[in-house]
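Taking it in order: structure first as structure tokens, then the write-up.
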Amino acid sequence: MSGARELVCVVDDDQSVRRSLRRLFKSAGYAAETFASAEDYLAREIFEGPACLVLDVRMPGLNGLELQKTLESRGACEQIVFITGHNDVPTATRAMKSGAIDFLTKPFDDVELIEAVKRALERGQEQLRKRRGRREARGLIDKLTPREFDVFRFVILGLLNKQIAAELHTAEKTIKVHRGRGMQKLRVPSVPDLVRISQRAGVPPARNPA
């Protein structure tokens, strides 16, 4: 499955469920893998593309909600569709509040499950795109010197060169040099582009001196 662009993983302790869902996802054109326990899934090498986890709630060992929490703590991008044989509203509420795509009660409609998986993979693709953009933006910002970074944060705040010079207790021409070099390193021609890079990287502006 290493060459797959998207992956659906079924985690359920019921072998018959794993087999039927694997056939369903294969027939829908998805690469699919199955796991008998949460522990087995966690032992798998992390998939780098969009992934949907079709996850049973109640299992021996680590249960579905605990696996969801574990994946969240390690910053995973898998999107989760829960399946369960028990109509448990509090559990469903917890799962959805923690970011699950859907919470389906067995027996569920195959079309409904496929649609949930489709939504999960679309969300996963978007999250991966944002993560790549953040990583690329941070990589560019890391090239700035400490002083260029300080100037950068004041520029995205909206200050003029002379105002930044006053804040940093230096000459305006020095700020112009740092600003020009910083924009070259960041490969941007304008302040709006600087703002977009800061947003992608999660870098806040300098504190407003007012």
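If amide H atoms are built 1.01 Å from N in the plane of the peptide, which residues on other chains or at least 5 residues away come under 5 Å of the amide H of Ile83?
Excluding prolines and chain starts, which carry no amide H, the hits are Leu55, Asp56, Val57, Leu104.
Please name which of Leu160, Pro60, Pro189 has its Cα lying farthest along the dipole of the chain towards the positive end, using unit charges on Cβ (Lys, Arg +1; Asp, Glu -1) and the Cα centre as origin.
Farthest towards the positive pole: Leu160.
Before anything else, pin down the relative contact order of the chain: Cα pairs under 8 Å, at least 6 apart, normalised by residue count, whole percent.
15 percent
By how many nm would the segment from Glu45 to Leu128 lengthen if fully extended, with 0.36 nm per residue of separation less the alpha-carbon distance?
Taking 0.36 nm per residue and subtracting the Cα distance, the gain is 28.2 nm.
Fully extended, how many nm does the chain gain between Arg119 and Arg5 (0.36 nm per residue separation, minus their Cα-Cα distance)?
39.5 nm
Rounded, prolate or oblate: which fits region 171-210 when a ≥ b ≥ c are the square roots of the eigenvalues of the alpha-carbon gyration tensor, with rounded for a/c under 1.5 and prolate only if a/b beats b/c?
Oblate, because a/c is 1.5 or more while a/b does not exceed b/c.
If you roll a 1.4 Å probe over the heavy atoms of the protein chains, what accessible area per residue do you get for the chain, in Å²?
57 Å²
Which residue, Val177, Val195, Val155, tops the fluctuation ranking in a GNM of the chain built on C-alpha contacts under 10 Å?
Val177
Could you size up the charge dipole of the chain around its Cα centre, putting +1 on the beta carbon of Lys and Arg and -1 on that of Asp and Glu, and report it in debye to the nearest 20?
1480 debye
Along region 156-165, what does the Karplus equation 6.51 cos²θ - 1.76 cosθ + 1.60 (θ = phi - 60°) give for ³J(HN,Hα), rounded to whole Hz, x for Gly and Pro?
6, 6, x, 7, 7, 4, 5, 6, 5, 4
Taking trypsin sites (Lys or Arg not before Pro) as exposed when DSSP calls them loop (any state but H, G, I, E, B) and at most 14 other Cβ atoms lie within 10 Å, what is the longest stretch of the chain free of them, the sites themselves excluded?
After excluding every exposed loop site, the longest remaining stretch is 75-142.
Enter the accessible area of Phe154 (Å², nearest 10), with the probe set to 1.4 Å and all protein chains included.
Answer for Phe154: close to 20 Å² accessible.
Mind checking which lysines have their Cα closer than 26 Å to the Cα of Lys130? Skip sequence neighbours fewer than 8 apart in that chain.
Within reach: Lys69, Lys97, Lys118, Lys143, Lys185.
At a Förster distance of 45 Å, what's the computed FRET efficiency of Arg74 paired with Arg147, Cβ-Cβ distance as r, to 0.05?
0.80
Just from its helices, what would the mean residue ellipticity at 222 nm be for the chain, if runs of 4 or more DSSP H residues each count -39500 (n - 2.57) and the sum is divided by every residue, rounded to the nearest 500 deg cm²/dmol?
After summing the helix terms and dividing by residue count, I get -17500 deg cm²/dmol.
Tell me, what HN-Hα J-couplings in whole Hz come from the Karplus equation 6.51 cos²θ - 1.76 cosθ + 1.60 at θ = phi - 60° for each residue of region 90-102, using x for Gly and Pro?
Couplings: x, 5, 4, 5, 4, 5, 5, 5, 8, x, 5, 6, 7 Hz.
What Kirkwood hydrodynamic radius, in Å, does region 44-136 give when the mean of 1/r is taken over all pairs of distinct Cα atoms and then inverted?
One decimal place: 13.8 Å for the Kirkwood radius.
Taking amide H atoms as placed 1.01 Å from N in the peptide plane, list the residues 5 or more away in sequence, or in a different chain, whose amide H sits under 5 Å from that of Leu62.
Here the answer is Ala38, Glu39, since their amide H atoms fall under 5 Å of that of Leu62.
Between Gln199 and Asp88, how high is the FRET efficiency from 1/(1 + (r/R0)^6) when r is the Cβ-Cβ distance and R₀ = 45 Å? Nearest 0.05.
Step by step, r from the Cβ atoms, then E = 0.70.
Carbon and sulfur atoms: what percent of the 1.4 Å accessible area of the chain do they account for?
Ligands and nucleic acids excluded, carbon and sulfur reach 49 percent.
The values are calculated or read from the model by the stated rules, or taken from the named source; none is laboratory data. Computed from a predicted structure; not experimentally measured. We place every Cβ from the backbone using ideal geometry, glycine too, and count neighbours over all the protein chains shown. Side chains included, ligands, DNA and RNA excluded: accessible areas come from the protein's heavy atoms. Shrake-Rupley method; radii C 1.70, N 1.55, O 1.52, S 1.80 Å.
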